[in-house]
1. If you go through region 174-218 one residue at a time, how many are acidic (D, E) and over 25 Å from I95 (Cα atoms)?
2. Report yes if some residue within region 152-164 is farther than 30 Å from L75 by Cα and hydrophobic (A, V, I, L, M, F, W, C); otherwise report no.
3. Every residue in region 90-107 that is open to solvent by 70 Å² or more (accessible area, probe 1.4 Å) and either within 24 Å of V38 (Cα to Cα) or touching a residue at least 60 places away in the same chain (Cβ under 8 Å) (or both), please.
4. Can you tell me how many residues within region 50-83 are open to solvent by 50 Å² or more (accessible area, probe 1.4 Å), modelled with pLDDT under 80 and in a helix (DSSP H, G or I)?
5. When region 22-46 is examined, which residues are found to be at pLDDT below 70, in a helix (DSSP H, G or I) and under 20 Å from L66 (Cβ atoms)?
6. Just one of (1) open to solvent by less than 30 Å² (accessible area, probe 1.4 Å); (2) farther than 17 Å from L67 by Cβ; (3) modelled with pLDDT under 75 trips up R9, so point out which.
7. If you take the residues of region 167-210 that are open to solvent by 30 Å² or more (accessible area, probe 1.4 Å) and in contact with a Ser or Thr (Cβ under 8 Å, 6 or more places away or on another chain), which of them is nearest to Q149 (Cα to Cα)?
8. Among (1) open to solvent by 90 Å² or more (accessible area, probe 1.4 Å); (2) within 20 Å of L137 (Cβ to Cβ); (3) in a helix (DSSP H, G or I), which single condition is R111 missing?
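The values are calculated or read from the model by the stated rules, or taken from the named source; none is laboratory data. Nothing here was measured: the structure is a model prediction, and the numbers come from that model. Cβ: placed from backbone, ideal geometry, glycine included. Neighbour counts: every protein chain shown. For the accessible areas, the whole protein counts, side chains as well, though only heavy atoms, and no ligand, DNA or RNA atoms are used. Shrake-Rupley method; radii C 1.70, N 1.55, O 1.52, S 1.80 Å.
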Amino acid sequence: MDLLTISLRTVIVYFFLLLTLRLMGKREIGDISVLDFVVSIMFAELAVISIEDPDNPMVVTFIPILLLLIIQVSLAFLSLKSRRIRFLLDGKPTILVRDGKIDEKEMKKQRYNFDDLLMQIRQNSIKDVSDVEFAILEPSGDLSVFEKQQEEEEGESLSYPLPLIIDGELIVDHLQDAKKDELWLRRELRKAGIVSIKQVSYCALQEDGVLYVDIKDE
């Protein structure tokens, strides 16, 4: 096998994959989901085939890579438009610990064992599960841990901001966690001059009870 040919094909494949990954977006590099991981493996396999088999034209390998790029970008676009599709492709956050109590059903569903949970809690400098307000398993596989506040006001105190609206869609579960209803939320939005929930890009109830609202395209 010609060393010069291998070297040349390696350089071409390298820059082609670099361009492809850039077109896929920074998210593909910084936040690898299961779907991204599968695509990355397929890219690697196709690249190796292209380098190791100089008898085949490089375009034979580049066409499947371009096809994967089109599929990935299309799915990313659909994910931006639909929260349901995002959950379908990437999964959604799962609460494993709430107010110091472990949700064993969710642990089993996510195939997350107690040793991993306790290790992650310790890595967040929290001594015991009873000190955890929320432990949330993110779609990326990371565990976000929120420690209980030392001093909590009676009644409406929240340990972290609760998203109530994302991409114009109401998050009913979070609204119930905040002990609020849709009527209350719509009234608060009207006070800010917002007529429809669809106008809102992101809305969250802060720890101090203040409603943070970000309107689309502003």
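1. So the answer is 4.
2. yes
3. Listed by number, the list holds a single entry, K92.
4. Summing the residues that are open to solvent by 50 Å² or more (accessible area, probe 1.4 Å), modelled with pLDDT under 80 and in a helix (DSSP H, G or I) in region 50-83 gives 3.
5. Hits for region 22-46 are M24, R27, E28, I29.
6. Failing condition for R9: (3).
7. Of everything passing the filter in region 167-210, E207 is nearest to Q149 (Cα to Cα).
8. (3)
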